[in-house]
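The values are calculated or read from the model by the stated rules, or taken from the named source; none is laboratory data. Only a predicted model underlies this, so the values are computations on that prediction, with no experimental measurement involved. Quick reminder, even Gly has a Cβ in these numbers, built from the backbone with ideal geometry, and neighbours come from all protein chains shown.
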Amino acid sequence: EPVLSMRGLSVDYLTDTSPVHAVDDVTLELHRGEILGLAGESGSGKSTLANAVARLLKPPALVTAGEVLYHPAGGGPVDVLRMSPKALRKFRWRELSVVFQSAMNSLNPVSTVGAQIDDTLRAHDTTLTAAQRRERAVELLRRVGISADRVRSYPHELSGGMRQRAAIAIALALNPEIIIMDEPTTALDVVVQRDILREISALRREYGFAVVFITHDLSLLLSMADRIAVMYAGQLVEVGAARDVHDVP
Ligand code: ADP
Ligand code: ADP
């Protein structure tokens, strides 16, 4: 059962010369609660696909064909590419959030990690009291391996691994059904990377969200992903169970 489905999705970058077909006729489903690995060499279109689905594309990127449907639990499908601004405000963070390769793209450098979770909660869930938000911030940080004494830390006071954990905590804050992770561990050393991958799997089991985990390193996905999709030159060239997908072109 899909939580998100893409059909015939194409995205071009309109450059001065000829357009770059960054995503070319991609049809792909994300199943509810699964970890879907999205692999492919650098430049194959993974980030463009992710940003299209999250409605974070900026010019000169343009969706030229296809559709993206979000399937809320117990509701009819919603056309993501045609969502109203109001629907979009609810979709982001509450239903889908993104963790980028650089935590600095997700974190605000002049605000503590606790305050950033608090801000995210306050902006999207007005039913929580200040005390409830504070409690939830501490709990979320603990879940991703950041102790309570770090709640008042600024991003620059944390290691790269801790910053990425904080970005994951913020992405989890509103309990979304879909989390897109775009090379979230690529900049980290191998040991930290392995720990974070294990924790993402554990968090997924606990919270039940679906993950699109993007990486150019197929080997990372073999142990964590339920299914793997491989892109090459903008096209989807392989989709299958992790054990059946062996090589990236
Ligand atoms: P990946 O995430 O797999 O590394 P990208 O989605 O970043 O791939 O890039 C897909 C293609 O789109 C590449 O050919 C890349 O050069 C091109 N591209 C990405 N961003 C831009 C941009 N802002 N302007 C023009 N071309 C771009
Ligand atoms: P702006 O400068 O308008 O915030 P962005 O491109 O950073 O532009 O963000 C556009 C919208 O997408 C904002 O509403 C923001 O809350 C949302 N957004 C930004 N980053 C993420 C993310 N990592 N996950 C979910 N939604 C995001």
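Structural remarks
- Search result, residues across segment 216-235 that are among the small types (Gly, Ala, Ser), over 17 Å from the mean Cα position of the chain (by Cα) and either buried (at least 17 other Cβ atoms within 10 Å of the Cβ) or within 20 Å of residue 199 (Cα to Cα) (or both): 219, 223, 234
- Breaking point among (1) without any contact (Cβ under 8 Å) to a residue 60 or more places away in the chain; (2) in a loop (DSSP other than H, G, I, E, B); (3) more than 14 Å from ligand 2 (Cβ to nearest atom), for residue 108: (3)
- Tabulated pairs, segment 91-105, first closer than 17 Å to residue 211 by Cβ and more than 16 Å from ligand 1 (Cβ to nearest atom), second modelled with pLDDT of 95 or more and assigned to a strand (DSSP E or B), C-beta under 6 angstrom, 6+ apart or interchain: 96/178; 97/179
- Checked against the criterion of being buried (at least 18 other Cβ atoms within 10 Å of the Cβ), more than 24 Å from residue 202 (Cβ to Cβ) and away from ligand 1 (no atom under 16 Å from the Cβ), the candidates 112, 120 yield just one match: 112.
- Summed over segment 40-79, residues that are within 9 Å of ligand 1 (Cβ to nearest atom), in contact with a helix residue (DSSP H, G or I) (Cβ under 7 Å, 6 or more places away or on another chain) and on the phi < 0 side of the Ramachandran plot total 1.
- Matching entry among 50, 61, 39 (being closer than 21 Å to residue 245 by Cα, modelled with pLDDT of 95 or more and within 16 Å of ligand 2 (Cβ to nearest atom)): 50
- Cross-chain or 6+ apart pairs with Cβ under 6 Å, segment 126-139 first and closer than 16 Å to residue 174 by Cβ, then acidic (Asp, Glu): 133/118; 137/118
- For segment 181-199, residues that are closer than 15 Å to residue 103 by Cβ and in contact with a helix residue (DSSP H, G or I) (Cβ under 7 Å, 6 or more places away or on another chain) total 7.
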